[in-house]
Amino acid sequence: MHISKLARFVKPHLAGFIVALVFTLTGVAAALVPPQLAGNIVDQVFVQAVRDGDFAGRTRQLVILIAGIVAATVGRSLSMFLRNTFVESASQKVIRDLKQTLYDHIQGLSFHFFHKNRTGELMARMTNDVETTRGILVMGVMHGATGIFYVVSSAVLLFTLKWQLALVSIVTAPFLFLATLRLRKSIFPKFQDVRTQYSNLNASVQENISGIRMVKSLMRYEHELEKFGKENEALTHTRDEALKVWAKYMPLIEFLSSAASVLVLLIGGLMVIQGSITLGVWVKFNSYLWMLVTPMRMLGEVVNQFALAGSSAERLFEVLETEPLIKSPAQPIHLPRVQGKVVFENVSWSADGSEILSDISFEAPPGSTIAIMGATGSGKSSLVHLIPRFYDPDRGRVLIDDVDARELDLQQLRENVGLVAQETFLFSETMYNNLTYGRRGVPQEYVKRVAVQTQSHFFIRSMADGYETVVGERGVGLSGGQKQRASIARALLKQAPVLILDDSTSSVDMETEALIQKALRNLEHDVTTFIIAHRISSVKHADEILVLDHGRIAERGTHESLLKVNGIYAEFFNVQYADARAVGGANDGT
């Protein structure tokens, strides 16, 4: 069971749990005192006072015994307070470490993992499942350990007082144990369904909020409401199924635990009448019996909470035990300085059983610019994603400075690759922090210089607080072109020797694009640049243009040589410049 795997997180904070257990034991010991003193009050004060008529002497004894009960009650309350304080503190630290480990592990997982797991589901595991798992630790000490201490100590005292009556009190225990075992076995899978459906609901909400603009623009309110309603109804149904199991067994558990009390009341009362035991012993016995029965009555609830926490722990360790498909080799090669030479040797790559890239071979010398064009779905983004090892090829090799990328240290490899992805992403931080995200500690003057080169400085300067303006989530509040320009600036500030621009100027106007292209050609350091674009103007200055068709290189060459071939590239060119050529005298892009 995955609960046992929490041990490695508990171990560093074990002292806190041990102290909590000590105070639990102290509290239980203090709780055992009042019944003993109450029984003495009945036999030694009330009964004796009536027999010998010494009411004054018995009154003093009564006050002393009651003072003892008060002291024991205060001691128990203080012990329980300290127990709760230590167990809460220790459990919070365990969960802090678990969250950090889970977050660190997720950061290292490959892109395959994120394709198969929705964001909302991962959020549910990071928040609700982690917090529910904490219930194992709290319930284990505060209820589990307390219950065990009460059951053991009260059982010993019951047998000490009157073993015959004690046997009567535990006659229902085996049946209670079997009922609890059946409850646990039946309810655990139900809670797994509840946690899974909760994640589905969370994922649906997260997806809706992320795409709220699209929902509003396409007037899909009713569709989203219906989709949420189905997920919400499914969650209610799974919870009802778990509740039915709990409701089926709890009355039986309550009956079995209460039956022992009824039997003791009957048989114990008869023993008092017959003189087998004193009234004081009967009072003690009933008090200790209550301490024995109460944990049994709570057993169903404890099992319920443990089952819920157990299903959450299982989902957490599912993630923690997922191995990244892409990772550094055991003995990686560290390049003293990455020059930026990139070579593809007969590279093929598949996803979900379909071949995306087939037999790709080319060489990009340091400082060169390679442009990649092709229809949607031709494999352009997949090709460049192999360079920083977001994925590994099924066949062939990707070489960085003549070394197989799979043999390089993964961190060094990615530190030397700058990327502007198709979907631009800005964090909910200041513009300055967004620009320097890939390289902290960059002088502000250099940041502004790169921002000017990428045509970002001018719109940033016009914002309320300039570079210290906090942008909205995912860059909300900025236009598509502004986000693209900021993303290009961020990639350039990284000063990586390899730069990938994946359709990074699609949202800017032609004039701004020309200025950005000029800035890229005049960088202060040599950069091997890969440009994915649909505009001819974005790629025509490249040293080599690769035209992909269904995952294969269909054409390759310079702008001029590809126009002469009169193939796919020439067709792209003719479509884009058809209007300009029709009016004549316009720049034809050559």
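Computed from the coordinates by the stated procedures, all read-outs in this text should not be read as laboratory data. Being a predicted model, the structure only gives us computed values, none of them experimental. Glycine also receives a Cβ, built like all others from the backbone with ideal geometry; neighbour counts cover every protein chain displayed.
Per-residue ellipticity at 222 nm from helix content only, as computed over the chain with -39500 (n - 2.57) for each DSSP H run of at least four residues, stands at -20000 deg cm²/dmol. Taking every lysine pair in segment 2-320 that is 8 or more places apart or spans two chains, those with Cα atoms closer than 26 Å amount to 23. Note on Asp104 and Leu515: their simple-model spin labels are 4.5 nm apart, each label 7 Å out from Cα toward Cβ. For the pair Leu243 and Val575 in one chain, pulling the backbone fully straight at 0.36 nm per residue adds 113.1 nm over the alpha carbon distance. Take every pair of alpha-carbon atoms less than 8 Å apart whose residues are at least six positions apart; their mean separation over the length of the chain yields a relative contact order of 14 percent. Below 15 angstrom from the Cβ of His237, what's the summed charge of the other residues (Lys, Arg +1; Asp, Glu -1)? Net charge in that neighbourhood comes out at 0.
Given R₀ = 60 Å, FRET efficiency for Trp163-Glu323 by Cβ-Cβ distance, to 0.05?
0.55
Of the options [x] 87, 72, 47; [y] 70, 56, 50; [z] 128, 52, 47, only one is Cα extents along the principal axes in Å as computed from these coordinates, and that is [z]. Tilt of helix 279-320 relative to the longest C-alpha principal axis of the chain, in degrees (0 to 90, nearest 10)? So the helix axis and the longest Cα principal axis differ by about 10 degrees. If a spin label sat at a point 7 angstrom from the Cα of Gln422 along the line to its beta carbon, the backbone N atoms of segment 537-564 nearer than 15 Å would be those of 548-551. Between Phe458 and Thr376, the modelled labels are 3.1 nm apart [label points 7 Å from Cα along Cα→Cβ]. Separation of segment 524-569 and segment 31-49, taken as the distance between their Cα centroids, equals 97 angstrom. For the chain, the longest principal axis of the alpha carbon atoms and the long axis of helix 510-521 meet at an angle near 90°. Centroid-to-centroid, using Cα positions, segment 309-369 and segment 432-449 are 28 Å apart. To the nearest ten degrees, helix 130-139 and the longest principal axis of the Cα atoms of the chain are 20 degrees apart. Cβ-Cβ distance of Phe228 and Lys564, R₀ of 56 Å, FRET efficiency by 1/(1 + (r/R0)^6): the value works out to about 0.50.
Under the definition of Cα pairs under 8 Å and six or more residues apart, what whole-number percent is the relative contact order of segment 2-320?
In percent, rounded to a whole number, it is 31.
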